[in-house]
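Enquirer: For reference, the structure I am asking about is given below.
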Amino acid sequence: MQSPISYCPITQITQPICNLASPFSGKVVSVNTHPDPIFSSGILGKGICVELSHEIVVAPFDGAILAIKQGGLEWVLESFDGHKVLIHLSLPWHLQTPEYLKLIHTQSSAMRRGDSLVRLALPIDTKALATYVVLNENRKLRYYTPLKQVKAGIDPLITIAEEQK
């Protein structure tokens with residue numbers, strides 16, 4: 001099991017290389033809380049979860065949509081500078097339909113940071129968990145989450161920093 005992305009205030013992160021913006025709005029929680037072991041174990045890569053507070057999922061950076069899977073529950077994205085990430089939406093099974101999951105982008109294409117990808121039309125008080133995983137992590141780098149609450153397309157969800165020497 002990999003160590004999860006840990007919290008560190010943004011002002012205390014030394015030698016940051018880049019910030020990956022959050023595609024979601026909500027409360028940041030450890031990936032260890034994810035009910036699916038494929039995410040909580042870290043087998044796919046370093047990740048972090050957000051308890052969603054807003055219905056729009058946006059592009060976290062300028063780049064390309066490589067794949068849209070499971071009817072829009074999973075997105076594989078790649079930034080122009082080479083960061084490959086997985087966005088996964090965990091919704092109750094009965095809400096995993098086009099009625100509740102409105103795809104704005106429906107195919108692989110270019111995207112700009114802040115572009116809307118999907119809109120969730122969930123009933124009030126529905127709990128939804130979103131996961132953000134760095135698929136091509138570099139073990140020589142450090143990964144942090146610098147905030148405990150994030151706004152989609154604005155706030156950094158993952159900060160990548162050089163290894164301390």
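The values are calculated or read from the model by the stated rules, or taken from the named source; none is laboratory data. Bear in mind that the values here come from a model prediction, so they are computed numbers and not experimental data. Neighbour counts run over all protein chains shown; Cβ positions are idealised from the backbone, glycine included. We work out accessible area using only protein heavy atoms, side chains counted, and drop any ligands, DNA or RNA first. Shrake-Rupley method; radii C 1.70, N 1.55, O 1.52, S 1.80 Å.
A quick yes/no check of all residues on (1) open to solvent by 60 Å² or more (accessible area, probe 1.4 Å); (2) in a loop (DSSP other than H, G, I, E, B):
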position	(1), (2)
Pro4	no, yes
Lys27	yes, no
Leu44	yes, yes
Gly47	no, no
Val50	no, no
Ala64	no, no
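Residues are listed down the side, and each one gets a yes or a no for (1) part of a strand (DSSP E or B); (2) free of Cβ contacts under 8 Å to residues at least 40 places away in the same chain:
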| site | (1), (2) |
| --- | --- |
| Gly82 | no, no |
| Val85 | yes, no |
| His88 | yes, no |
| Gln107 | no, no |
| Arg119 | yes, no |
| Ile124 | no, yes |
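Enquirer: If we scan the stretch 92-100, do we find a residue that is out of contact with any Pro (no Cβ under 6 Å at 6 or more places or on another chain) and assigned to a strand (DSSP E or B)?
Expert: Step one: list which residues in the stretch 92-100 are out of contact with any Pro (no Cβ under 6 Å at 6 or more places or on another chain), which gives 92-100.
Right, trim to assigned to a strand (DSSP E or B) and you get none.
The answer is no, given that none of the residues of the stretch 92-100 is out of contact with any Pro (no Cβ under 6 Å at 6 or more places or on another chain) and assigned to a strand (DSSP E or B).
Enquirer: Could you grab me the full set of residues in the stretch 119-165 that are in contact with a helix residue (DSSP H, G or I) (Cβ under 8 Å, 6 or more places away or on another chain) and surrounded by fewer than 20 Cβ atoms within 10 Å (Cβ to Cβ)?
Expert: Hits for the stretch 119-165 are Leu122, Pro123, Thr126, Leu147.
Enquirer: Restricted to the stretch 145-157, and to residues that are part of a strand (DSSP E or B) and either modelled with pLDDT of 95 or more or closer than 21 Å to Phe80 by Cα (or both), which residue is farthest from the chain's Cα centre (by Cα)?
Expert: Quick first cut of the stretch 145-157, residues part of a strand (DSSP E or B) only: 145, 149-150, 156-157.
From the residues that got through so far, the ones that are either modelled with pLDDT of 95 or more or closer than 21 Å to Phe80 by Cα (or both) too are 149-150, 156-157.
Values: Gln149: 13, Val150: 11, Pro156: 10, Leu157: 8 Å.
Per the criteria, the residue is Gln149.
Enquirer: If you don't mind, there's one more thing I want to ask. Which of the residues belonging to the stretch 66-75 are surrounded by 14 or more Cβ atoms within 10 Å (Cβ to Cβ) and not in a helix (DSSP H, G or I)? Quick ask: steps written out before the conclusion?
Expert: First pass over the stretch 66-75, keeping only residues surrounded by 14 or more Cβ atoms within 10 Å (Cβ to Cβ): 66, 68, 72-75.
Correct list: Leu66, Ile68, Leu73, Glu74, Trp75.
Enquirer: Now for a separate question. Given (1) part of a strand (DSSP E or B); (2) open to solvent by less than 40 Å² (accessible area, probe 1.4 Å), where does Glu78 come up short, assuming only one miss?
Expert: Among (1) part of a strand (DSSP E or B); (2) open to solvent by less than 40 Å² (accessible area, probe 1.4 Å), the lone unmet condition for Glu78 is (2).
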